[in-house]
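The values are calculated or read from the model by the stated rules, or taken from the named source; none is laboratory data. Keep in mind that what you see is a predicted model, and the values were worked out from it rather than measured. Using ideal geometry, Cβ is built from the backbone for each residue, glycine included, and neighbour counts are taken over all protein chains shown.
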């Protein structure tokens, strides 16, 4: 049994068996642990000596009948592979407590206790660095998941994609945006701004030179952290949320191009110079191509915007609160004229009176049609929104009886 292997031997082993380490990491990322059956399947072609060294070098450890990568190894592989499990906002909220506790301890540190003050400043510096790295990892992983959801390489049903998009918005994206909202006095970003102001004063006025140096390092980190937070907030509001909202439009062009660009030499490019009886273009090709090109336009714009003065983003101008309209609909059911009700909701409860918002309100019944009964009277009524007039059918909407919904499900 090797009690303590030389670091160079451990690193050399990881390099020589990197694909094995990657597979083990992805298995744990998917299931939180590696089951004994998974481990046996992954290592069935691996020699016994290499399997033993995974445990002897403390890369893996047993957890009852399951196996886990030891935490430093897991974090190192996550950094190399750049694949993370997004942290729930409640997990990021723990930093509020640690920041406040260390901040209070630093402010209340007795005058003569310089060694403990330096240790507290170092601990706060490390905690802020971990928070900023976790936020960037979260934003990047959420963006990758959203792009994969848009491309739909897994061929998910449209309804399942919509439910997954709502899940990402409600439980990850919108709460993360609140954490990064510099204009909200209770956000973590606002607390870091208060810490930065205090560190700036102390780096100039503290009586102890080493403490002034540490306060200066903390201030530089927090000042750069402010830009990093604004950059992530901009990614959330300008890329992530619009990308998810565009899931309401299917894009075969985007799916095909992403699939081809990942493996450009494994798929034959169709020949456009010879006659073919296959139809390459359809009625929606132009709209889908415009959507595909828009992905790259947004990324170029994001780079240019970094040169300008960055301001905080008000997420209420971006988010569409579907739940609020659904609750209002349930309170007022049955409704004799559904589309007229949608128009009233648009002008009474939405700040943005656009046709896009009007159609989103209209979609709440048709996306969850299993829950509602719709009766078309045969008449049409004009609905005016912006510069458009919709000749909408008159529809009576009511809630389906409970036993019928259960039968449908």
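Of note:
- Of the residues 352, 373, the single one that is closer than 30 Å to residue 230 by Cα and not in a helix (DSSP H, G or I) is 352.
- Subset of region 81-121 (residues that are closer than 30 Å to residue 37 by Cβ and surrounded by 13 or more Cβ atoms within 10 Å (Cβ to Cβ)): 81, 83, 84, 85, 86, 87, 88
- Scanning region 90-104 for residues that are farther than 22 Å from residue 172 by Cα and touching a residue at least 60 places away in the same chain (Cβ under 8 Å) yields 100, 103.
- Taking the listed residues 350, 324, the one that is surrounded by 13 or more Cβ atoms within 10 Å (Cβ to Cβ) and either in contact with a helix residue (DSSP H, G or I) (Cβ under 9 Å, 6 or more places away or on another chain) or at pLDDT below 80 (or both) is 350, with no other qualifying.
- The residues of region 20-50 that are more than 20 Å from residue 85 (Cα to Cα), modelled with pLDDT under 90 and part of a helix (DSSP H, G or I), listed by number, are 36, 48, 49, 50.
- Residue 133, sole failed condition from (1) in a helix (DSSP H, G or I); (2) surrounded by 16 or more Cβ atoms within 10 Å (Cβ to Cβ); (3) in the same structural domain as residue 212 (by TED's automatic domain parsing): (2)
- Qualifying residues in region 136-161 (those that are within 18 Å of residue 231 (Cβ to Cβ) and out of contact with any helix residue (DSSP H, G or I) (no Cβ under 9 Å at 6 or more places or on another chain)) - the one surrounded by the most Cβ atoms within 10 Å (Cβ to Cβ): 141
- Criterion (assigned by TED's automatic domain parsing to the domain that holds residue 138 and touching a helix residue (DSSP H, G or I) at 6+ places or on another chain (Cβ under 8 Å)) met by exactly one of 68, 96: 96
- Residue that is surrounded by the fewest Cβ atoms within 10 Å (Cβ to Cβ) [pool: residues in region 29-60 that are touching a strand residue (DSSP E or B) at 6+ places or on another chain (Cβ under 6 Å) and farther than 18 Å from residue 15 by Cα]: 35
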